[in-house]
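Trainee: Can you keep this structure in mind? I'll have questions shortly.
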Amino acid sequence: MPRMLDVGDDVRAEIGDEEADRLLAGDSAPGSYDCTSCRTPGDCEQERTSTVLFIGDETAVLAFAHAGCLPSQVVKVTEEQLQGAVRSISADQAAPGTESAASAASAAPAAPAAPQKAVPEQAVLGVTSGLILISGELHPALVVEPTAPIARPGTTGAGDDFLPLLIEQGFMPVTELSAAPSVLHGWSVLLAMGQLHAVLQPGTDGGRPVAWWQAHQPLQVTEGWRTAANKHQQVLMFAAPVGSIGRQPREDLLRDALDKAAANGQLVAAALPLAGT
């Protein structure tokens, strides 16, 4: 039976026509696999499957994903990220089932990210993942809060332009969390190898998306968060100025902090599709 495998043009360019043709012929692709996004089983012979090539500084890893979770693409990561992801997958295979859905009760803070263009050198973006209940349904969410005020590029002074800069990009002010925010096309969240890698923004002149935020090490997310992300095929991103949210140890406290920031006019949000969708 022919394999329902998609090898994207950028993946083919990296691995070469010969290897791409071998994959499509089934010579070097596994029949069954664990999806690199949702981490549930897949089968190249039974369902559409994407090839995802992770490229580090010295290493490249070819992975497979349900076509509904990720398109075929090349993902560039640091060597440390790639090796960490490989170790994580090896550990999961050695001890399956160690992550419980009950762990979704705790929010998972990310390692501080490298500054983006609009962030002064002394500020980094803190990112927290959690499940947020809106209109009776759980949504996967990322909450972004810088560690210091954000100045507009090219300006000096003590002002904080973090929210205005995001509003200019299409994020919308939120006064209450009564409904999910609208989708912001062009932006996306990269969830791969079962971990959160980056928030992507549109590239210049319609080019390939670039990282607005990228984790120093892939952010571990709970099974419940990952399941919700793949169910909705999007992640809600909330952003607030420094000092508005804080690092909350539980999701109920995170929700309380979001509600307070919204009521104070200090919250913007958007729904970001999973990368490539």
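Trainee: Based only on Cα atoms, what Rg/Rh ratio does segment 193-277 have, Rh being taken as Kirkwood's radius?
Mentor: Radius of gyration over Kirkwood radius for segment 193-277 works out to 0.99.
Trainee: So what's the gap between the Cα centers of segment 246-277 and segment 188-221, to the nearest angstrom?
Mentor: The distance from the Cα centre of segment 246-277 to that of segment 188-221 comes to 18 Å.
Trainee: Take the Cα pairs of segment 181-224, get the Kirkwood Rh, then feed it into Stokes-Einstein at 37 °C and 0.692 mPa s and tell me D in µm²/s.
Mentor: Rounded, D is 286 µm²/s.
Trainee: I've got another one for you. For a quick check: sort 124, 77 by the number of other beta carbons within 10 angstrom, fewest at the front.
Mentor: With the fewest neighbours first, 124, 77 line up as 124, 77.
Trainee: Where does the charge balance sit around residue 129 when Lys and Arg score +1, Asp and Glu -1, over other residues with C-beta under 10 Å from its C-beta?
Mentor: It works out to a net charge of 0.
Trainee: Order of 196-205, 33-42 by packing, highest average Cβ count within 10 Å first?
Mentor: Result, highest mean first: 33-42, 196-205.
Trainee: May I ask for the net charge around residue 191, where only other residues with Cβ less than 14 Å from the Cβ of residue 191 are counted and Lys, Arg are +1 while Asp, Glu are -1?
Mentor: The answer is +2.
Trainee: Using per-residue counts of other Cβ atoms within 10 Å, averaged over each peptide, order 46-53, 176-183, 6-13 from highest down.
Mentor: 46-53, 6-13, 176-183
Every read-out reported here was derived from the displayed coordinates using simple, explicitly stated rules and does not represent laboratory data. It should be emphasised that the depicted structure is a prediction, and the values quoted were computed from it without experimental measurement. In this analysis, Cβ positions are derived from the backbone assuming ideal geometry, glycine residues included, and neighbour counts consider all displayed protein chains.
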